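> So that we are looking at the same thing, I have put the structure below in structure tokens.
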Amino acid sequence: MSYLDTTGRIFDIQRYSVHDGFGIRTIVFLKGCLLRCRWCCNPESQEYAIQEMRQSDGKVRIVGQDVTVREVMKTVEQDRMYFRRSGGGLTLSGGESLLQYEFARDLLHAAKDQGFSTAMESMAGVSYDRIEAVLPYLDTYLMDIKHINGAKHREFCGKDNALMLENAWKVASSGQCELVIRTPVIPTFNDTVPEIRAIAEFAARLPGVEQMHILPYHRLGFDKYVGLGREYLMGDVKPPSRELMMELRDEVNKTGLRCMIGG
């Protein structure tokens with residue numbers, strides 16, 4: 001069987017993005033996640049199962065479809081002109097892309113065969129052999145590191161982060177791709193200078209890592225929880241102020257990393 005016939009489950013394809021990798025990107029969102037972060041803005045990504053989600057207009061939308069690499073690439077290839085002009089390409093997101101690592105590997109393989117740059121957003125919480133499978137086809141690994149403290153990570157995300165931190169070292173040491181650390185800034189979880197500094201100091205020690213992105217918490221996923229009949233666990237927590245985000249950016253920069261505030 002050709003790798004183009006590998007089947008996976010996605011819940012969205014977003015075109016013309018400029019936030020998840022260099023240039024204009026087409027983002028493929030894979031179903032399934034190993035964490036249950038309280039603030040997750042894509043709760044429909046968490047379950048691998050195909051779901052129904054009620055929209056604000058009362059209509060029910062089916063979330064999740066099984067597709068082949070070949071089918072996904074028909075959409076991705078429509079943006080070839082934008083990739084060529086901007087240096088952009090394909091980004092995998094989720095969910096956790098590596099829970100469907102064979103599908104992720106073959107999507108990245110297909111993109112590289114077409115001459116597109118590749119990126120993947122992932123928290124690296126799987127066995128390293130799964131990560132190794134995708135690295136030959138990956139240009140940029142956007143790795144989520146949400147906290148250094150394992151107990152707090154478990155409390156807010158549902159799982160310890162020891163394997164994720166271990167895999168960050170392994171990916172960085174491999175030298176096979178650019179590794180960028182991304183951290184969502186979440187009030188009540190990690191929005192203090194000491195907590196962000198601890199992540200930045202860890203990231204600065206990783207071989208070859210030069211960038212860290214901090215992403216302000218937002219409530220844009222709230223309606224999705226309503227549509228899925230789920231409770232939104234962040235309650236009335238407000239996004240961090242711009243002043244705090246600037247302060248945290250400056251703190252990260254002190255470690256020698258280049259820090260960007262994401263959208």
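Nothing in this text is a laboratory measurement; each read-out follows from the coordinates by a stated rule. All figures in this text were calculated on a predicted structure; none of them were measured in a lab. Neighbour counts run over all protein chains shown; Cβ positions are idealised from the backbone, glycine included.
> Kindly list, by first and then second residue, each pair from a residue in segment 178-194 that is without any contact (Cβ under 8 Å) to a residue 40 or more places away in the chain to a residue that is surrounded by fewer than 21 Cβ atoms within 10 Å (Cβ to Cβ) and in a strand (DSSP E or B), limited to pairs with Cβ atoms under 6 Å and residues at least 6 apart or on different chains.
Once the first residue is without any contact (Cβ under 8 Å) to a residue 40 or more places away in the chain and sits in segment 178-194, its partners that are surrounded by fewer than 21 Cβ atoms within 10 Å (Cβ to Cβ) and in a strand (DSSP E or B) give Glu178/Thr140.
> In addition: Restricting segment 144-172 to residues that are under 15 Å from the mean Cα position of the chain (by Cα) and assigned to a helix (DSSP H, G or I), which is nearest to Ala124 (Cα to Cα)?
Among those residues, the one meeting the criterion is Met164.
> Across segment 62-121, which residue is surrounded by the most Cβ atoms within 10 Å (Cβ to Cβ) among those that are polar (S, T, N, Q) and assigned to a helix (DSSP H, G or I)?
Ser97
> OK, next. Among the numbered conditions (1) part of a strand (DSSP E or B); (2) surrounded by 18 or more Cβ atoms within 10 Å (Cβ to Cβ); (3) out of contact with any Ser or Thr (no Cβ under 7 Å at 6 or more places or on another chain); (4) not small (Gly, Ala, Ser), tell me where Arg130 comes up short.
So the condition that Arg130 fails would be (1).
> From (1) touching a Cys at 6+ places or on another chain (Cβ under 9 Å); (2) of a type in the set (A, V, I, L, M); (3) surrounded by fewer than 22 Cβ atoms within 10 Å (Cβ to Cβ), pick out the condition that doesn't hold for Leu138.
For Leu138, the failing item is (3).
> Another question about this same structure. Given the condition outside any strand (DSSP E or B), within 26 Å of Leu90 (Cα to Cα) and over 15 Å from the mean Cα position of the chain (by Cα), answer yes or no: does some residue in segment 136-143 qualify?
Yes, because at least one residue in segment 136-143 is outside any strand (DSSP E or B), within 26 Å of Leu90 (Cα to Cα) and over 15 Å from the mean Cα position of the chain (by Cα).
> Something else about it: Given the condition in contact with an Asp or Glu (Cβ under 9 Å, 6 or more places away or on another chain), acidic (Asp, Glu) and touching a residue at least 12 places away in the same chain (Cβ under 8 Å), answer yes or no: does some residue in segment 75-87 qualify?
Checking segment 75-87: not a single residue is in contact with an Asp or Glu (Cβ under 9 Å, 6 or more places away or on another chain), acidic (Asp, Glu) and touching a residue at least 12 places away in the same chain (Cβ under 8 Å).
> Also: In contact with a Gly (Cβ under 9 Å, 6 or more places away or on another chain), surrounded by fewer than 18 Cβ atoms within 10 Å (Cβ to Cβ) and either part of a helix (DSSP H, G or I) or free of Cβ contacts under 8 Å to residues at least 40 places away in the same chain (or both): does that describe Tyr48?
Judged against the criteria, Tyr48 is not a match.
> Please go through segment 93-111 and give me each residue that is within 11 Å of Val28 (Cα to Cα), out of contact with any Cys (no Cβ under 8 Å at 6 or more places or on another chain) and of a type outside the set (A, V, I, L, M, F, W, C), ordered by number.
Ser93, Ser97
> Next question, about the same structure. Yes or no: Arg9 more than 13 Å from the chain's Cα centre (by Cα) and crowded, with 16+ Cβ neighbours inside 10 Å? Outline the logic, then answer.
Working: more than 13 Å from the chain's Cα centre (by Cα): yes; crowded, with 16+ Cβ neighbours inside 10 Å: yes.
Taking the combined requirement at face value, the residue satisfies it.
> Still on this structure, I have one more. I want to confirm something. Restricting to segment 218-253 and keeping residues that are farther than 29 Å from Gln46 by Cβ, loosely packed, with under 13 Cβ neighbours inside 10 Å and not hydrophobic (A, V, I, L, M, F, W, C), which single residue is farthest from the chain's Cα centre (by Cα)?
If we take residues in segment 218-253 being farther than 29 Å from Gln46 by Cβ, loosely packed, with under 13 Cβ neighbours inside 10 Å and not hydrophobic (A, V, I, L, M, F, W, C), then Glu243 is farthest from the chain's Cα centre (by Cα).
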